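For reference, the structure is listed below as structure tokens.
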Amino acid sequence: MKKILLSISLSILSIVSFAEEGMLIPSLIQAFQSDMKAKGMKLSAEQIYSINNSSIKDAIISFNGGCTAEIISDQGLLLTNHHCGFYNIQSHSSLDNDYLKNGFWAKNKAEELANAGLTATRIVRIDDVTASVLFGVTDATPLSERNQKIRENIQQIIKDKSLNTHYRIEVKEFDYGNSYFAMTTEVFTDVRLVGAPPSSIGKFGGDTDNWMWPRHTGDFALFRIYAGPDNKPAPYSTSNVPYVPEYSLTIDAGHRKTGEFTMVYGFPGVTEQHVVSGQLAYLINRERPARIGMREKSLSIINTRMRASDDIRIKYAAKQATIANSYKKWIGQVQGLVELNALEVKKQYEARYTKTAQKTDQWKERYGTIVEKMNQLFEENKEYDFTNTMVMEYIFVGGGPEFFKQVRVMDEFVKNYEKYKTPEERPVKLEKIKASYEKFFKNYSKEIDQTIFNLLHAEFVHLMNPAYVPSSILSKKTEEWSNEIYTKSIFTDKEKLADFYSNFNDESIAKVKQDPAYTLFTELVNKYNTDIVPKLDNFTSKMDDLLKVYIEGKHVMFPKDKHWPDANSTLRIAYGKLEGSSPKDGMVYKDHSTVEGILEKNRINNPDFELLPRIKELYEKKEYGGYDQDGELWVCYTASNHTTGGNSGSPVLNKDGYFIGINFDRTWESTMSDYMFDPSRCRNIVCDSRYILWVIDVYAEADHLIEEMHIITEKDKRRKM
């Protein structure tokens with residue numbers, strides 16, 4: 001095991017000559033410093049990541065566990081994407097206060113809006129704990145015993161590191177268990193909405209432009225972290241004060257130039273660069289098309305209703321955005337993988353891997369059949385994977401009928417009902433459920449939900465292997481289920497559910513079990529939990545074990561190749577440069593867009609390109625407030641940084657570590673980079689810092705926020721030269 005760890009450590013040092021591809025662990029950034037400096041960076045590794053002194057990493061925040069944000073003032077002012085804060089903006093919106101349409105700007109701190117459940121997490125330090133996690137584990141240890149021992153070791157590490165501190169510890173696996181790192185974090189729970197541009201800025205382009213280039217979206221929103229008097233995390237309280245950060249970013253309002261160094265610092269979610277050819281073929285030909293089709297049906301209903309009603313637009317805005325984002329991404333992803341002939345590239349690499357493994361007896365024994373075993377294992381288990389995907393799409397995380405959300409909450413209560421024996425427990429739990437249903441029906445339309453159910457249930461049954469759908473569900477047609485659920489169920493009717501909670505007693509549990517919506521949910525999920533989950537867990541465990549050896553082999557046999565651990569929502573760095581691209585023959589993308597493009601798009605009469613009168617007037621008068629460059633107000637630009645979901649909201653920094661924009665998307669041609677990176681076409685999309693300042697300063701006239709920030713102008717930069 002020590003030899004393996006040593007070889008992996010050496011391979012990290014061997015790839016310093018590569019830049020654009022990869023997401024680097026900040027605590028190991030010293031190994032890449034020379035290459036980054038060769039590409040123009042002026043910072044030291046200590047300035048980027050330090051555990052002894054304040055550094056840039058202290059300004060990088062995980063925003064609610066799914067996006068990134070950055071601190072841009074010494075009063076805890078937080079910048080993230082408009083789409084990352086969209087749910088919070090939507091939840092404060094109403095017909096009377098339509099913050100989605102008109103924007104929101106707190107004039108002072110007293111007007112900043114609290115957001116229940118929203119978190120902001122700072123990384124305090126990152127430690128390599130591989131040796132401690134694998135203590136007592138050898139290759140000869142049976143898999144089940146090995147996993148149990150690793151879990152025990154991780155729990156001990158968490159206990160030791162969190163002792164007598166307010167910090168939270170999370171141990172994350174890298175490269176499928178070849179290494180482990182402990183993340184020490186500080187989690188703030190009082191995060192308030194400060195400002196958000198109208199959707200005609202923050203969501204300009206809508207679904208039409210999503211994942212596309214050129215973009216003209218001012219995709220940003222402002223929040224503020226609040227802390228207790230001791231500057232430590234504290235629950236929401238009117239006595240809390242703005243957090244004083246260890247570090248806040250300086251904003252660069254000076255000029256940009258093609259080819260300049262760029263660095264993205266954030267929390268990328270998931271990449272899967274090591275999937276075998278069999279799985280990649282399945283994703284391209286079956287899994288992604290099925291998910292795309294499911295979401296397309298949901299969106300066909302939601303989009304139509306949103307266009308017809310402002311009330312529905314507000315209620316469904318956040319839900320629509322979530323469904324549509326992945327839907328369009330997957331379309332581009334499949335297209336990109338096909339265009340790159342990714343499946344053939346993957347097969348060629350697997351052949352190279354297996355052939356190289358024959359060079360020594362030791363390699364042949366350990367790595368010679370690993371690719372074959374992985375492909376065979378996936379082939380044997382792909383039906384379980386597909387069933388899991390369809391259940392997730394229909395019931396849990398896709399665009400399926402929403403009543404399942406309320407049923408899930410009730411099901412948890414029913415299953416644990418006997419545990420809530422004391423007089424205090426049941427009412428407290430019930431009150432939490434009641435609070436969730438009030439919030440649910442605020443943004444719910446029975447008519448829309450039923451129409452979606454009619455389409456999605458029929459599609460779900462059509463796509464599923466009948467062996468994994470209960471016969472009792474197949475025995476009824478979609479129309480029968482629909483009629484019963486939407487006329488009889490308490491979970492699709494606010495008044496019925498309110499009456500149920502008001503008159504709740506021990507007999508209510510039996511009534512719930514007879515509810516048609518509850519019946520559909522529990523029969524599907526019980527069969528899923530019985531027939532699929534154990535097999536899927538077994539498959540995942542075996543595949544991870546094979547992947548661990550496979551990746552080890554890549555490091556050992558190809559030490560000069562590019563190696564980087566898949567994204568796993570931990571803090572990472574990617575670096576590249578500001579540049580355009582030429583993703584297809586005859587197509588050349590310029591590296592930046594300007595407000596002229598906003599006016600051009602506005603003229604084509606597409607609702608995704610609507611503008612409020614004041615915005616249009618400022619654009620047409622070219623009132624740029626000094627944020628222009630040679631008479632142009634840049635809106636967005638592209639760079640060759642490797643990013644993925646979770647990097648939304650990440651700061652893009654220049655050679656001096658100054659904030660020059662906020663990452664919010666990739667080009668459509670780049671979406672396949674979760675599986676395969678192509679440096680000639682993969683580009684991240686960034687909203688220019690000067691456009692953000694222009695919106696805050698000129699459009700919103702929120703100069704009190706500008707005064708909080710440390711801003712470097714072009715004159716300041718020239719004086720430093």
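The values are calculated or read from the model by the stated rules, or taken from the named source; none is laboratory data. This one's a predicted model, so the numbers in the text were calculated from it and none came from an experiment. Because the Cβ atoms are built from the backbone with ideal geometry, glycine has one as well, and the counts that use them run over all protein chains shown.
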Seminar exercise, completed: Of the residues in region 55-86, those that are within 15 Å of V244 (Cα to Cα), under 23 Å from the mean Cα position of the chain (by Cα) and in a loop (DSSP other than H, G, I, E, B) number 2
Seminar exercise, completed: So the strands (runs of 3 or more DSSP E) completely within region 155-230 holding 1 or more residues that are among the β-branched types (V, I, T), over 30 Å from I323 (Cβ atoms) and touching a residue at least 12 places away in the same chain (Cβ under 8 Å) are 168-174, 179-188
For this session: May I ask you to say which residue of I448, I490, I509 is closer than 27 Å to R307 by Cα, surrounded by 12 or more Cβ atoms within 10 Å (Cβ to Cβ) and β-branched (V, I, T)?
Result: I448
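To keep it simple, each residue is scored yes or no on (1) touching a residue at least 24 places away in the same chain (Cβ under 8 Å); (2) more than 23 Å from H462 (Cβ to Cβ); (3) not in a loop (DSSP other than H, G, I, E, B).
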| residue | (1), (2), (3) |
| --- | --- |
| F378 | yes, yes, yes |
| T387 | yes, no, yes |
| M392 | no, no, yes |
| V407 | yes, no, yes |
Seminar exercise, completed: Okay, helices (runs of 4 or more DSSP H) sitting entirely in region 240-340 with 1 or more residues that are farther than 26 Å from L693 by Cβ, small (G, A, S) and without any contact (Cβ under 8 Å) to a residue 24 or more places away in the chain, I get 288-308
Seminar exercise, completed: Here the residues within region 60-83 that are more than 19 Å from S248 (Cβ to Cβ) and touching a strand residue (DSSP E or B) at 6+ places or on another chain (Cβ under 8 Å) are N64, G65, H82, H83
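Among the listed residues E632, E707, E714, E617, which satisfies the condition of being modelled with pLDDT under 95 and out of contact with any Lys or Arg (no Cβ under 8 Å at 6 or more places or on another chain)?
Numbers: E632 fails: modelled with pLDDT under 95; E707 fails: modelled with pLDDT under 95; E617 fails: modelled with pLDDT under 95.
None of the other options fit; the residue is E714.
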Seminar exercise, completed: When region 416-470 is checked residue by residue, the ones that are among the basic types (K, R), under 31 Å from the mean Cα position of the chain (by Cα) and at pLDDT below 95 are K429, K432, K434, K439, K442
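Within region 476-488, can one find any residue that is closer than 30 Å to K382 by Cα, outside any helix (DSSP H, G or I) and over 30 Å from the mean Cα position of the chain (by Cα)?
First pass over region 476-488, keeping only residues closer than 30 Å to K382 by Cα: 476-478, 481.
From what's left, outside any helix (DSSP H, G or I): 476-477.
Checking which are over 30 Å from the mean Cα position of the chain (by Cα) leaves us with 476-477.
Yes.
Before we move on, is T360 under 24 Å from T540 (Cα atoms), modelled with pLDDT of 95 or more and of a type in the set (V, I, T)?
Working: under 24 Å from T540 (Cα atoms): no; modelled with pLDDT of 95 or more: yes; of a type in the set (V, I, T): yes.
Here the answer is no, as T360 does not meet what is asked.
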Exercise. If T530 passes every condition in (1) of a type in the set (V, I, T); (2) within 29 Å of the chain's Cα centre (by Cα); (3) more than 27 Å from Y349 (Cα to Cα); (4) not in a loop (DSSP other than H, G, I, E, B) but one, which one does it miss?
Worked result: (2)
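May I ask you to verify whether F188 is in contact with an Asp or Glu (Cβ under 8 Å, 6 or more places away or on another chain), surrounded by 20 or more Cβ atoms within 10 Å (Cβ to Cβ) and not acidic (D, E)? Show your work before the answer.
On the way: in contact with an Asp or Glu (Cβ under 8 Å, 6 or more places away or on another chain): no; surrounded by 20 or more Cβ atoms within 10 Å (Cβ to Cβ): yes; not acidic (D, E): yes.
Answer is no for this residue.
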Exercise. Which condition does K297 not pass, out of (1) of a type outside the set (F, W, Y); (2) modelled with pLDDT of 95 or more; (3) over 22 Å from G399 (Cβ atoms), if it passes all the others?
Worked result: (3)
Seminar exercise, completed: Condition set among the aliphatic types (A, V, I, L, M) and outside any helix (DSSP H, G or I), scope region 35-54, selection nearest to T189 (Cα to Cα): answer is I51
Problem set entry | Test for S680: is it surrounded by 24 or more Cβ atoms within 10 Å (Cβ to Cβ) and of a type outside the set (A, V, I, L, M, F, W, C) | no
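With the requirement that a residue be of a type outside the set (F, W, Y) and buried (at least 23 other Cβ atoms within 10 Å of the Cβ), what does region 206-244 give you? It would help to see each step written out before you state the result.
As a first pass, look at region 206-244 and keep what is of a type outside the set (F, W, Y): 206-210, 212, 214-219, 221-222, 224-225, 227-235, 237-242, 244.
Of everything in region 206-244, those that are of a type outside the set (F, W, Y) and buried (at least 23 other Cβ atoms within 10 Å of the Cβ) turn out to be R215, H216, T217, G218, D219, A221, L222, R224, I225, P233.
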Exercise. Is there a residue in region 598-606 that is at pLDDT 95 or above and in contact with a Cys (Cβ under 6 Å, 6 or more places away or on another chain)?
Worked result: no
For this session: Looking for whichever is surrounded by 13 or more Cβ atoms within 10 Å (Cβ to Cβ) and either outside any loop (DSSP other than H, G, I, E, B) or not aromatic (F, W, Y) (or both) here; the options are K355, K434. Which one fits?
Result: K434
Seminar exercise, completed: Of the conditions (1) out of contact with any strand residue (DSSP E or B) (no Cβ under 7 Å at 6 or more places or on another chain); (2) part of a helix (DSSP H, G or I), the single one that I89 does not satisfy is (1)
